[in-house]
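The values are calculated or read from the model by the stated rules, or taken from the named source; none is laboratory data. Predicted model, so just to flag it, every value in this text is computed and none were measured. Positions of Cβ are backbone-derived with ideal geometry, glycine not excepted, and every protein chain shown enters the neighbour counts.
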């Protein structure tokens, strides 16, 4: 392994250091790339929590935090003022660190990555992780969507490479953003190998975490925002009648208060809000069923983590989820935003545990084949190396 001064430096741009999917994906990637010939610098661009920063500090050379909000693109004067401020700060970091490639992670950093790469004269890459290119709060008014579409088309044509984490994401980038086919790379997210605990170990996990032994445990993991559809799951729990089951909601976000208000209208033991946890693996091991009612995903890390440890899964019929789950084969699918259909699928899964174990085993095998960390790391390394060598040439 060459000394750090001979390594090519990659600058990774994150929105912030909250405990989120992209932050966890980057942690897994950098941890697995420890023996590869790259040096990694991470920057949190916008204002936000710092909870995940220590973990990224452990697997990168350095981390920085700009902590600056950016005006919406429909306010062009303020928007470009903020972009210029962020750009100047990043230019200083990039020159000090002798950056050879810029990687913007999430759609909020694609423009910044492209502009910074141009200014530095180095390649720029952006990862798109959502099948929906525009978050719900950016779909209206229509002017905002139109402006963002026009901007996105210019951005993707100017990037040296675009990573799409799933087929739906790739297809949407081609259809909506007119992304050049030769610059799109399908690189599916990955998780480490895991095993389903034996029944005796699951009982011990429940006892240790003070979880009920006499009820089915259902789990959802994610930020509590409208797009995650947790309201559908809470409503579904109120429709399960006499089935003894508890939904564990792992994560936090702006919707928590409203979701807790919704849950107050059903029996208390039906839903428990656990907040952000650092023992998600143990909670998945103790559970009977994983749920996702997201309206749209790229590749859900939480879902493939659940599948990797052979936990039966039931998900909404939504982009990014139906790419992974085939109803009745490796999981179950319920209608999007339909709490009644969700409760029906939950009840059927809990009533047929042997069948559920069958799809969970098939799901685990597929995850190990399609979402291996080795492939994930190799594809990133190949892309980085090719772009840097092309730039040198």
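For the reader, a short list of remarks on this structure follows.
- Checking each residue in segment 340-381 for being crowded, with 21+ Cβ neighbours inside 10 Å, over 15 Å from residue 307 (Cβ atoms) and assigned by TED's automatic domain parsing to the domain that holds residue 304 picks out 342, 343, 345, 346.
- Identity of the residue in segment 346-393, within 19 Å of residue 166 (Cβ to Cβ) and not in a helix (DSSP H, G or I), that ends up nearest to the chain's Cα centre (by Cα): 371
- Matching residues, segment 242-271, being assigned to a loop (DSSP other than H, G, I, E, B) and under 23 Å from residue 286 (Cα atoms): 242, 243, 244, 251, 252, 267
- Test set (1) surrounded by 15 or more Cβ atoms within 10 Å (Cβ to Cβ); (2) touching a residue at least 12 places away in the same chain (Cβ under 8 Å) - residue 79 fails condition number: (2)
- In segment 19-32, the residues that are part of a loop (DSSP other than H, G, I, E, B) and crowded, with 20+ Cβ neighbours inside 10 Å: 20
- Qualifying residue in segment 177-190 (condition: part of a helix (DSSP H, G or I), surrounded by fewer than 14 Cβ atoms within 10 Å (Cβ to Cβ) and in contact with a helix residue (DSSP H, G or I) (Cβ under 9 Å, 6 or more places away or on another chain)): yes
Conditions tested, residue by residue: (1) in the same structural domain as residue 251 (by TED's automatic domain parsing); (2) surrounded by fewer than 21 Cβ atoms within 10 Å (Cβ to Cβ); (3) out of contact with any strand residue (DSSP E or B) (no Cβ under 8 Å at 6 or more places or on another chain); (4) free of Cβ contacts under 8 Å to residues at least 40 places away in the same chain.
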residue: 71; (1), (2), (3), (4): no, yes, yes, yes
residue: 84; (1), (2), (3), (4): no, yes, yes, yes
residue: 98; (1), (2), (3), (4): no, yes, no, no
residue: 104; (1), (2), (3), (4): no, no, no, no
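- Extreme residue, surrounded by the fewest Cβ atoms within 10 Å (Cβ to Cβ), among residues of segment 309-339 that are modelled with pLDDT under 95 and under 16 Å from the mean Cα position of the chain (by Cα): 322
- Restricting the search to strands (runs of 3 or more DSSP E) fully inside segment 44-138 and requiring at least 1 residues that are under 30 Å from residue 171 (Cα atoms) and modelled with pLDDT of 90 or more gives 99-105, 124-128.
- Odd one out for residue 269 among (1) in contact (Cβ under 8 Å) with a residue 24 or more places away in the chain; (2) under 25 Å from residue 20 (Cα atoms); (3) surrounded by fewer than 19 Cβ atoms within 10 Å (Cβ to Cβ): (2)
- Of the criteria (1) in a strand (DSSP E or B); (2) surrounded by fewer than 17 Cβ atoms within 10 Å (Cβ to Cβ), which one residue 290 fails: (2)
- Test: residue 303 is part of a strand (DSSP E or B), within 19 Å of residue 332 (Cβ to Cβ) and assigned by TED's automatic domain parsing to the domain that holds residue 354: no
- Residue within segment 35-42 that is touching a strand residue (DSSP E or B) at 6+ places or on another chain (Cβ under 9 Å), buried (at least 23 other Cβ atoms within 10 Å of the Cβ) and either assigned by TED's automatic domain parsing to the domain that holds residue 275 or under 28 Å from residue 174 (Cα atoms) (or both) present: no
- So residue 54, is it surrounded by fewer than 18 Cβ atoms within 10 Å (Cβ to Cβ) and under 23 Å from residue 223 (Cβ atoms): yes
- Filtered by the rule that a residue be in contact with a strand residue (DSSP E or B) (Cβ under 7 Å, 6 or more places away or on another chain) and in a loop (DSSP other than H, G, I, E, B), segment 191-218 gives 211, 212, 215.
- Selection within segment 243-263 - farther than 24 Å from residue 353 by Cα and at pLDDT below 95: 251, 252, 253, 254
Residues checked against (1) free of Cβ contacts under 8 Å to residues at least 24 places away in the same chain; (2) buried (at least 16 other Cβ atoms within 10 Å of the Cβ); (3) more than 23 Å from the chain's Cα centre (by Cα):
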residue	(1), (2), (3)
204	yes, no, yes
223	no, yes, no
227	no, yes, no
231	no, yes, no
244	no, no, yes
253	no, yes, no
275	no, no, no
285	no, yes, no
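- Condition check for residue 155: closer than 20 Å to residue 299 by Cα, outside the structural domain of residue 275 (by TED's automatic domain parsing) and either part of a helix (DSSP H, G or I) or touching a residue at least 24 places away in the same chain (Cβ under 8 Å) (or both): no
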